[in-house]
Amino acid sequence: MKNKKGLFITVEGCEGCGKSTQSKLLKQYLQDKGFTVVLTREPGGNIVAEKIRDILLNPSFKITSLCELFLYEASRIQHLSDVIKPNLQKGNVVICDRFTDSTIAYQGFGRKIDIKTIEKLNNVATEGIKPDLTLYLDIAPKTGIERAKIKNDFTDGDRIERETLKFHNNVRKGFLTLAKMYPDRIKKIKNQDTIANTQKLIIAEIEKCLKI
Ligand code: TYD
């Protein structure tokens, strides 16, 4: 990307891994260090992409795997253009809760769509923009889903959360495979007993990456 001055951090993981909480804490930490930080998410992050999110997560809709894939990519294209690119050009830190690795993990390893096809679509949607750093928060899906249920933001779950445990275990395999393939970019953070202890591991990675 031309004129990219900012830093692009993505946060990834299975359901209930604590990404959203850790993303917020990371935003605060970096702001306290003097960075201008934008926290955003996929699917979503702007008006059009949030509308697509509503379709994607609505449990009453039956959506084919390919339609699902294209909707995730469509929401990404608008989000990239409206939020990610302008902020990186301004020199801001962009923290994105989920990005292209989720598409490989969920639509590739979960739905079994050909990985090469997804890589091609990811590339088109992102114009080749890659995260500088990806924090992958690793948790066993069974534990994550139980945690999400306790937190009460699950009830019966959205359209993706309602998938079988086998599906979610395959998604985790996807993330673990990606972490092995791209060790320089993707840092695997093992979920700790407390939010604060997981945050310590994240901060250690961030300090290495930013040399702060
Ligand atoms: P998320 O906002 O993380 O939901 P929650 O906070 O409830 O965990 O993500 C919504 C769902 O979208 C999640 O189940 C993963 C799924 N997803 C994909 O299947 N493919 C993708 O490319 C992305 C970005 C998300």
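Restricting the first member to the range 70-82 and to residues that are farther than 10 Å from Pro43 by Cα and part of a helix (DSSP H, G or I), and the second to residues that are of a type in the set (Ser, Thr, Tyr) and more than 10 Å from the ligand (Cβ to nearest atom), the beta-carbon pairs closer than 9 Å and six or more apart or on different chains are Ile77/Thr126; Leu80/Thr126. Looking at this structure, is Gln89 within 9 Å of the ligand (Cβ to nearest atom) and touching a residue at least 40 places away in the same chain (Cβ under 8 Å)? Criteria not met by Gln89. I need the full set of residues from the range 70-82 which are within 9 Å of the ligand (Cβ to nearest atom) and buried (at least 21 other Cβ atoms within 10 Å of the Cβ), in order please. The answer is Tyr72, Ser75, Arg76.
Of Gly174, Gly128, which residue is surrounded by fewer than 19 Cβ atoms within 10 Å (Cβ to Cβ) and touching a residue at least 60 places away in the same chain (Cβ under 8 Å)? When all the criteria are applied, what remains is Gly128.
Of the candidates Gln28, Gln107, the single residue that is over 20 Å from Lys190 (Cα atoms), open to solvent by 20 Å² or more (accessible area, probe 1.4 Å) and not acidic (Asp, Glu) is Gln28. Among the residues of the range 134-152, which ones are of a type in the set (D, E, K, R) and either surrounded by 13 or more Cβ atoms within 10 Å (Cβ to Cβ) or modelled with pLDDT of 85 or more (or both)? Asp138, Lys142, Glu146, Arg147, Lys149 - these are the residues of the range 134-152 that are of a type in the set (D, E, K, R) and either surrounded by 13 or more Cβ atoms within 10 Å (Cβ to Cβ) or modelled with pLDDT of 85 or more (or both). For the structure I just gave you, tell me whether Glu163 is near the ligand (Cβ under 9 Å from one of its atoms), open to solvent by 20 Å² or more (accessible area, probe 1.4 Å), at pLDDT below 95 and out of contact with any Cys (no Cβ under 8 Å at 6 or more places or on another chain). Judged against the criteria, Glu163 is a match. Counting only strands (runs of 3 or more DSSP E) that fall entirely inside the range 86-193 and contain at least 2 residues that are among the charged types (D, E, K, R) and in contact with a strand residue (DSSP E or B) (Cβ under 7 Å, 6 or more places away or on another chain), the qualifying elements are 186-190. The number of residues in the range 23-53 that are of a type in the set (S, T, N, Q), under 21 Å from Ile160 (Cα atoms) and away from the ligand (no atom under 12 Å from the Cβ) comes to 1. Search the range 102-117 for residues being β-branched (Val, Ile, Thr) and touching a helix residue (DSSP H, G or I) at 6+ places or on another chain (Cβ under 6 Å), and hand back the single one that is nearest to the ligand (Cβ to nearest atom). Looking at the filtered set, the residue picked out is Thr103.
From the list Lys5, Lys62, Lys51, the lone residue that is open to solvent by 30 Å² or more (accessible area, probe 1.4 Å), more than 26 Å from Lys188 (Cβ to Cβ), free of Cβ contacts under 8 Å to residues at least 40 places away in the same chain and outside any helix (DSSP H, G or I) is Lys62.
Going by the conditions given, is Asn123 away from the ligand (no atom under 13 Å from the Cβ), within 17 Å of the chain's Cα centre (by Cα) and polar (S, T, N, Q)? In short, yes. Applying the condition of being of a type in the set (Phe, Trp, Tyr) and over 20 Å from Asn123 (Cα atoms) to the range 30-73 and asking which residue is farthest from the chain's Cα centre (by Cα) yields Phe61. Given the residues Lys120, Lys116, Lys190, which is the only one that is at pLDDT 95 or above, more than 24 Å from Leu69 (Cα to Cα) and surrounded by fewer than 16 Cβ atoms within 10 Å (Cβ to Cβ)? From the options Lys120, Lys116, Lys190, the qualifying one is Lys190.
The values are calculated or read from the model by the stated rules, or taken from the named source; none is laboratory data. Owing to the predicted nature of the structure, the values given are computational and were not obtained by experimental measurement. For neighbour counting, all protein chains shown are included, and Cβ atoms are generated from backbone atoms with ideal geometry for every residue, glycine included. To get the accessible areas, we keep the full protein, side chains included, count just its heavy atoms, and leave off ligands, DNA and RNA. Shrake-Rupley method; radii C 1.70, N 1.55, O 1.52, S 1.80 Å.
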